[in-house]
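The values are calculated or read from the model by the stated rules, or taken from the named source; none is laboratory data. These numbers were taken from a predicted model, which means no experiment stands behind them. Don't worry about glycine lacking a Cβ; one is built from the backbone with ideal geometry, like all the others, and counts go over all protein chains shown. Please note that ligands, DNA and RNA were not included when accessible areas were found on the heavy atoms of the full protein model with its side chains. Shrake-Rupley method; radii C 1.70, N 1.55, O 1.52, S 1.80 Å.
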Amino acid sequence: MALFGRRKKDLTDDELLGDESELEEGSPRPQVPEGEPGVDRDWVRAQDGPYDVSEWGDLDARIDLGALRLPNVRGMQLRLDLEKGTGRVIGATIGFGASHAQVQVFAAPRTQGLWDELRADIARGLVDAGGAAETVDGTMGKELRARMPGRAPDGRVAYQPARFLGVDGPRWFLRVVINGPAATDDNQVRGILAYVRRIVVQRGDEARPPREVLTLTPPRGFTEALEKEAEARRAQQSEARRAAAQEAVRKAPSATGSSDATAVAGISTHRPTGPAQHVPEAAATDAPKAPNNPDFT
């Protein structure tokens, strides 16, 4: 994972609900009625977003992740979510002050959406894990208000609120998971939803099975930043090991003076001064010998 963007405590509604003409002047876009969708009027995906690439032509001002094109808002943070084992990018998490939203895009059937079916699956999974989920009417259609079980630092069970949104588009499905204060505060979530509505999906023409997560491509400079981050981490680990070794040498008992190294180890080099004593040889035994350990041959 890598983190981009300048940290900012809070993002104002003006920054997240701002006029898009400042970012994409002259960009073709659907005709949008006045008022805030889901508040002043009903939300209609094709006119209010998130958009399909066929509905929004100019992508230059957006962050290019391949299947997802994300608005570049001042003060936001972007983290790419990697799949364990393969390392491929399967999602993006955008930070908005104390809240954040993870977005993932999936292949979907041409003739029907996935959200009604997936919403029931997610709710069932949360309940089976000891959490809770409730379907409510949100500003962008049906959404899940959830309590996700986890562990607090002291080992006790703790619950984290989350808000699940699903958007069915043409042959794609966009899932959004919101955590932090915006998961429960309708006022704080407004700006995040405005950002989500400005996302553009570029699914591609390949035939894909429904529910398959679409792999994202890192933006320009991501690989270089990741390598620099790993190099800096290795340097810190090497310096920590060197400092620990120096501290161990400093604390070790001295082997100078009247004691030599063998004495420090508990081995005496002084021969007995009395008459020589005969040490009998070890008697032969029929006990089986220990097998050789191949790790030390």
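How much accessible area per residue does segment 58-210 have, counting only protein heavy atoms and a probe of 1.4 Å, in square angstrom?
Per-residue accessible area for segment 58-210 comes out at 45 Å².
If R₀ is 25 angstrom, what is the calculated FRET efficiency for the pair Asp128 and Arg156, using the beta carbon separation as r and rounding to 0.05?
That gives a FRET efficiency of 0.80.
Which order do you get for Thr93, Thr135, Thr184 if you rank them by accessible area with a 1.4 Å probe, largest at the top?
Thr184, Thr135, Thr93
For Tyr159, Tyr51, write out the residues from largest to smallest accessible area, computed with a 1.4 angstrom probe and no ligands counted.
Correct descending sequence by accessible area is Tyr159, Tyr51.
For the pair Val136 and Arg234, what calculated FRET efficiency results from E = 1/(1 + (r/R0)^6), where r is the Cβ-Cβ distance and R0 = 45 Å, to the nearest 0.05?
Once the sixth-power term is evaluated, E becomes 0.45.
State to the nearest 20 debye the size of the charge dipole of segment 28-151 about its Cα centre, where the only charges are +1 on K and R beta carbons and -1 on D and E beta carbons.
Computed about the Cα centre, the dipole is about 540 debye.
Given the options Gly95, Gly141, Gln160, identify the residue whose Cα lies farthest towards the positive end of the charge dipole of segment 71-218 (+1 on Cβ of Lys, Arg; -1 on Cβ of Asp, Glu).
Farthest along the dipole direction, towards plus: Gly95.
What is the percent carbon and sulfur in the accessible area of segment 95-171, measuring with a 1.4 Å probe over the protein chains and ignoring ligands?
49
Give me the dipole magnitude in Debye, nearest 20, for segment 154-219 about the Cα centre, with unit charges on the beta carbon: positive for Lys and Arg, negative for Asp and Glu.
100
Is segment 26-144 rounded, prolate or oblate when judged by the Cα gyration tensor, a ≥ b ≥ c being the square roots of its eigenvalues, rounded requiring a/c under 1.5 and prolate requiring a/b larger than b/c?
Cα axes put segment 26-144 in the oblate bin.
Rounded to the nearest 0.05, what FRET efficiency is calculated for Arg74 and Ala252 with R0 set to 41 Å and r the Cβ-Cβ distance?
0.15
Quick one: order Ser99, Ser54 from most to least accessible surface, probe 1.4 Å.
Order by accessible area, largest first: Ser54, Ser99.
Suppose the chain between Glu34 and Gln47 were pulled fully straight at 0.36 nm per residue; how much longer would it get relative to their current alpha carbon spacing?
Answer, rounded to one decimal: 3.5 nm.
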